Amino acid sequence: ADVAYLRSVLPSTTEDAFFDYLAGLDASEVTISAVPEGSVVFARVPFLQVKGPLLVVQLLETMLLCLVSYASLVATNAARFRLLAGPDMKLMEMGLRRAQGPDGALSASKYSYIGGFDYTSNVLAGKLYGIPVRGTIAHSFIMSFTSLEEVQPRELPPLAGGEPVDLPALAESWLGRVCELLQTPPEKANRGELAAFVSYAITFPRDFQGLLDTYCVRRSGLPNFCAVALALHQLGYRAIGLRLDSGDLAQQSKEIRQVLRACGAHFQVPWFETIPIAVSNNISEQSLEEFRQEGSEINMIGIGTNLVTCPLQPSLGCVYKLVEVNGFPCLKLTEDEEKMTIPGTKMIYRLYDAASHPFMDLMALEEEPSPSAGQELAVHVLGRLGEASKVVPTTVEPLHRTYFRDGQVCEPLPSLPEVRSHVQVSLSQLSPAHRQLHEAQPYPVAVTERLHCLLTELRQASQ
């Protein structure tokens, strides 16, 4: 069917032999090697190498670029958020509404998790990929209630058993006590919001959480949440968290933590002061930096638009270039050195220093002997090709592994959690000077003396 479709769109003069060739294609002549998933890769370093018949590998170009470019972009963006947030902050991907269609949304959920996020709000991504799913209640749910009379059912049995209790009445009695402690007028607490919280608590007594900013956080959302959480506590249950979605999130988190501590101390509920605080609302890298500078009591951050759409860099400039054909190295020559290809079939090595930090990636021709730890190497750093440098690595790591050969996957593919873990290990190995997001030192990528000579020879021959 695919070949028939191509016949219908290609020029009528296309030879039948071409379509016969396509119909008989198989992958047994193709070999693919790559940097392991989750590895840090630097500019100019080929992270995928494809060998095979010219026509076949040309046909693979667009598909492979599509598969790796957005995946690498989103995983990198997620890793940046993780670095800024620190290892202890819980991060939730919630970009489904703003993603580039359902396919883009599923991809974003998957690659955000790989990059270091803990959860997704995309339930389908949870089902398909096993990503832990988290979410909170919506403003529309809270706004759909107007009074406690609308709560049905009304009763909740204590966790330890016993007679069911009228939870709306119990929560309203607690509201008066909370408002007295906080010195806020009880009549300012929106009863529709209280009803929404109570209804949610009756349905999910072990998983009660609140969204506090539908009306007024200080006068309504926070007192209503505390009242329902204390009512649940009286019946043996614990609230699991609350969320803010507007305003000065860092400052509000500190004010809310003070209230939770005050309630916990006054009503003798020790766990109350540790209720997790989650925030959302167009969170960006700048937001995380401000949270860190100002200090906050935030425990979980939900990030959507600035994660899945990657506004700081909407696309990743991956390229797929021919470097050798019929045993002869190829060079794409351009006045812009950054766009010039590195010829020949290559091996890639990562060189480590005595502190176990990678300090350079080295490209060598495939037939060259592998560099050894402790061996002095003559290298030419890209961007400074006229200058030779001497380096002595403490450890040498070959980066590429062969994953596809003779039509079969020949290397076990890691699970999603394994890839996610490898991302954090890869990032942790970088020196702080290379890992920092602002004013990081450039990471050098170099070629061997022999590859440098080939590059120079081809450049001169093309002039």
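Put a plus charge on the Cβ of each Lys and Arg, a minus charge on the Cβ of each Asp and Glu, and nothing anywhere else: the dipole of the chain about its Cα centre is then about 860 debye. Could you tell me whether segment 76-309 comes out rounded, prolate or oblate from its Cα gyration tensor? Rule is a ≥ b ≥ c as square roots of the eigenvalues, rounded for a/c under 1.5, then prolate if a/b exceeds b/c, otherwise oblate. Prolate, since a/c reaches 1.5 and a/b exceeds b/c. In order along segment 290-306, the phi-based Karplus estimate (6.51 cos²θ - 1.76 cosθ + 1.60, θ = phi - 60°) of 3J(HN,Hα) comes to 5, 4, 5, 5, 7, x, 7, 10, 7, 10, 9, 10, x, 10, x, 3, 6 Hz; Gly and Pro are listed as x.
What order do Asp353, Asp213, Asp2 take when sorted by accessible area (1.4 Å probe), most exposed first?
Numbers: Asp353 50, Asp213 20, Asp2 125 Å².
Correct descending sequence by accessible area is Asp2, Asp353, Asp213.
Under a model in which nothing but the beta-carbon of Lys, Arg (+1) and Asp, Glu (-1) is charged, segment 55-166 shows a dipole of about 560 debye around its Cα centre.
When segment 76-309 is described by a simple charge dipole with +1 on each Lys and Arg Cβ and -1 on each Asp and Glu Cβ, the residue from Leu148, Gln234, Ala99 located farthest towards its positive end is Ala99. Cross-link partners of Lys390 among lysines, defined as those whose alpha carbon lies under 22 angstrom from its own and excluding same-chain residues fewer than eight positions apart: Lys346.
Using a/c under 1.5 as the rounded threshold, could you call the chain rounded, prolate or oblate? The axes a ≥ b ≥ c are square roots of the C-alpha gyration tensor eigenvalues, and prolate needs a/b larger than b/c, oblate otherwise. Because a/c hits 1.5 or more and a/b exceeds b/c, the chain counts as prolate.
Counting only protein heavy atoms and using a 1.4 Å probe, the accessible area of Lys254 comes to about 60 Å². Think of a 1.4 Å ball rolled over the protein heavy atoms: segment 96-244 then has 45 Å² of accessible area per residue. Protein heavy-atom surface of the chain, 1.4 angstrom probe: 52% of the accessible area is carbon and sulfur, with nucleic acids and ligands not counted.
Close amide H pairs (under 5 Å, H built 1.01 Å from N) link Asp213 with Asp245, residues at least 5 positions away or on another chain.
Straight-distance candidates among the lysines for linking to Lys127, with alpha-carbon spacing under 22 Å and chain neighbours fewer than 8 residues away dropped: Lys90, Lys110. Available extension along the chain between Ser147 and Ala1 is 46.5 nm, counting 0.36 nm per residue and deducting the alpha carbon span. Cα centroid separation, segment 234-290 to segment 77-150: 19 Å. Shown here: segment 257-411, whose C-alpha atoms stretch 79, 40, 37 Å along the first, second and third principal axes, sorted largest to smallest. Between Val279 and Leu244, Met300, Ile301, Gly302, the built amide H atoms are under 5 Å apart, and every one of these is 5 or more places off in sequence or on another chain. Along the axis of the charge dipole computed for the chain (Cβ charges of +1 for Lys and Arg, -1 for Asp and Glu, origin at the Cα centre), the listed residues Gly344, Leu307, Gln251 are led at the positive end by Gln251. Shown are Phe204, Phe47, whose ranking by accessible area with a 1.4 Å probe and every protein chain present, most to least, is Phe204, Phe47. From helices alone, the chain scores -12000 deg cm²/dmol at 222 nm; the rule is -39500 (n - 2.57) for each run of n ≥ 4 DSSP H residues, then divide by the residue total.
For the chain, the longest principal axis of the C-alpha atoms and the axis of helix 167-182 are separated by about 90°. Inter-label distance, Ala373 to Asp406: 3.2 nm, where each label sits 7 Å from its Cα along the C-beta direction. Backbone geometry of segment 395-411 corresponds, through the Karplus equation with coefficients 6.51, -1.76 and 1.60 at θ = phi - 60°, to 3J(HN,Hα) couplings of 9, 10, 10, x, 8, 7, 10, 8, 10, 9, 8, 6, x, 9, 5, 10, 10 Hz, x marking Gly and Pro.
Heavy-atom accessible surface of Leu22, to the nearest 10 Å², is about 30 Å², with a 1.4 Å probe and all protein chains retained. The H on the amide N of Gly241, modeled in the peptide plane, is under 5 Å from the matching H of Gly210, each at least 5 residues off or on a different chain. Between the C-alpha center of segment 14-55 and that of segment 382-450 there is a gap of 21 Å. Net charge dipole, segment 76-309: roughly 440 debye, given to the nearest 20, about the Cα centre with Cβ charges of +1 for Lys and Arg and -1 for Asp and Glu. Spread over its residues, the convex hull of the C-alpha atoms of segment 377-429 is 164 Å³ per residue. Here's the list of aspartates and glutamates a cross-link from Lys332 could span, going by alpha-carbon distance under 16 Å and ignoring same-chain residues fewer than 8 apart: Glu324, Glu457.
Only one residue of Ala71, Ala85, Trp271 has its Cα farthest out toward the positive end of the dipole of the chain, where Lys and Arg carry +1 and Asp and Glu -1 on Cβ, and that residue is Trp271.
Put Tyr237, Tyr5, Tyr111 in order of accessible area, largest first, 1.4 Å probe: what do you get? Provide the component values of the computation, followed by the final result.
Working: Tyr237 15, Tyr5 140, Tyr111 50 Å².
From most exposed to least exposed: Tyr5, Tyr111, Tyr237.
The values are calculated or read from the model by the stated rules, or taken from the named source; none is laboratory data. Note that the structure is predicted; figures quoted are calculated from it, not measured. Here Cβ is always computed from backbone atoms with ideal geometry, including for glycine, and neighbour counts include all displayed protein chains. Protein only, heavy atoms only, side chains kept; ligands, DNA and RNA dropped before computing areas. Shrake-Rupley method; radii C 1.70, N 1.55, O 1.52, S 1.80 Å.
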